[in-house]
Amino acid sequence: MTNKSITIVISSAPYSSSSFREGLDLVLAACTFDRDVNLLLRDNAVYALLPGQETTHIDQKNLSQIMKALPIYGLPDIHVCKTSLDARGIKNAPDLPAKVISEQEVNELIINSHNVIRF
Amino acid sequence: MKISVLVLSAPFDSQSSYTALKYCEAALQSGKTIHRVFFYQSGVHNGSAISTPPKDEVNLHQRWRALKETYDLELIVCIAAAARRGVVDESEAKRHGLAAHNLGEHFELSGLGQLIEAQALSDRFITFGS
């Protein structure tokens, strides 16, 4: 199997729809099958960086806990769009493996990927 | 040229799954090879044999099955996404003690690995819906 890179872009907010979670599940599957995979959070998905998520109150799994485990699965960095963070007044989350990138770096990441899937 | 398709939306709720079907029909009729159609998120509803639109409206489930009867392509439904949304085959229904099963003939439940593999093996990979 030739190693074709895949970038999964999540632009949906966590918890309000299934998209963030199902995008993350695909990232985990890609890591499990040893694919060359990137994860990019942009737009409302960057809310997932907010600390102190008490998701038991809404009967949901804690997505930031799942994201913390990504390096163990073989994904060292979660790329996060700086423009999206700034527009929402969110600082980087120090306890997540997040790598804040500029719009230009976002474009380069997408252009250099063989496939892009957006959730 | 191997093409794979990802369908994320349910029939009727969104036009995307209909567009996906039309794309596949056109590609196959023009001699292209569609390796796999993978149904994820709400797209799993395309696999339900008991979806019943009015007789004068399109029945996407039947159209997908008809496509499979004419051409060689795989219709794979994500097993986890489907279970959540109430689309199960006989085996899953038995395993979970469910009263019924509804996955249509020619559709197959499988894991996200099949989506990853489709992406890796195909020259073109197209997503319909969100």
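The values are calculated or read from the model by the stated rules, or taken from the named source; none is laboratory data. Everything numeric in this text was worked out from a predicted model, so none of it was measured. Note that each Cβ is placed from the backbone with ideal geometry, even for glycine, and that neighbours are counted across all protein chains shown. The accessibility values were calculated without ligands, DNA or RNA, using every heavy atom of the protein model including side chains. Shrake-Rupley method; radii C 1.70, N 1.55, O 1.52, S 1.80 Å.
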Please state the equivalent ellipsoid semi-axes for chain B: what are the square roots of 5 times the Cα gyration tensor eigenvalues, largest first, in whole Å?
22, 17, 13
For a quick check, take a GNM of chain B with Cα springs below 10 Å and name the residue from B:Glu105, B:Glu69, B:Glu57 with the largest mean-square fluctuation.
B:Glu57
Can you give the helix-only mean residue ellipticity at 222 nm for the protein assembly as shown, where every DSSP H stretch with n ≥ 4 adds -39500 (n - 2.57) and the sum goes over all residues, rounded to the nearest 500 deg cm²/dmol?
-9500 deg cm²/dmol
Counting only trypsin sites (Lys or Arg not before Pro) that sit in a DSSP loop (anything but H, G, I, E, B) with at most 16 other Cβ atoms within 10 Å, what is the longest stretch of chain A containing none of them?
A:5-60
Nothing charged except the Cβ atoms of Lys and Arg (+1) and of Asp and Glu (-1): what's the magnitude of the dipole of the protein assembly as shown about its Cα centre? Round to the nearest 20 debye.
120
Looking at B:Ile76, B:Gly43, B:Ala93, which one has the Cα that reaches farthest to the positive end of the dipole of the range B:10-130 (charges on Cβ: Lys, Arg +1; Asp, Glu -1)?
B:Gly43
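Give me the percent relative contact order of the range A:60-119, please, defined on Cα pairs under 8 angstrom at least 6 residues apart.
32
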Distance from a point 7 Å along Cα→Cβ of B:Tyr71 to each backbone N in the range B:36-52: keep the residues under 14 Å and list them by number.
B:36-38
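Considering only protein heavy atoms and a probe of 1.4 Å, how much of the accessible area of chain A is carbon and sulfur, as a whole percent?
50
Hey, what did chain A get for relative contact order, percent, Cα under 8 Å, at least 6 apart?
35
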Give the Rg (one decimal place) followed by the Dmax (whole number) of chain A, computed from C-alpha coordinates and expressed in Å.
13.6, 44
For the range A:26-94 and the range B:95-113, write down the distance between their C-alpha centroids in whole Å.
30
Just to check, using Stokes-Einstein with a Kirkwood Rh over alpha carbon pairs, what's the diffusion coefficient of the range A:1-68 at 20 °C and 1.002 mPa s in µm²/s?
169
Pick out which of B:Ile76, B:Ile34, B:Ile50 has the largest mean-square fluctuation in a Gaussian network model of chain B, springs linking Cα atoms closer than 10 Å.
B:Ile50
Taking a 30 Å limit on the Cα-Cα distance, which of the listed pairs A:Lys99/B:Lys32; A:Lys61/B:Lys32; A:Lys61/B:Lys94 fall beyond it?
A:Lys99/B:Lys32; A:Lys61/B:Lys32
Which Rg and Dmax, in Å, describe the Cα atoms of the protein assembly as shown?
18.9, 56
The range B:36-111: trypsin sites (Lys or Arg not before Pro) in DSSP loop, at most 13 other beta carbons within 10 Å
B:Lys55
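Give me the net charge for the shell around A:Ser11: Cβ to Cβ below 15 angstrom, other residues only, Lys and Arg +1, Asp and Glu -1.
Every neighbour counted, the sum reads +2.
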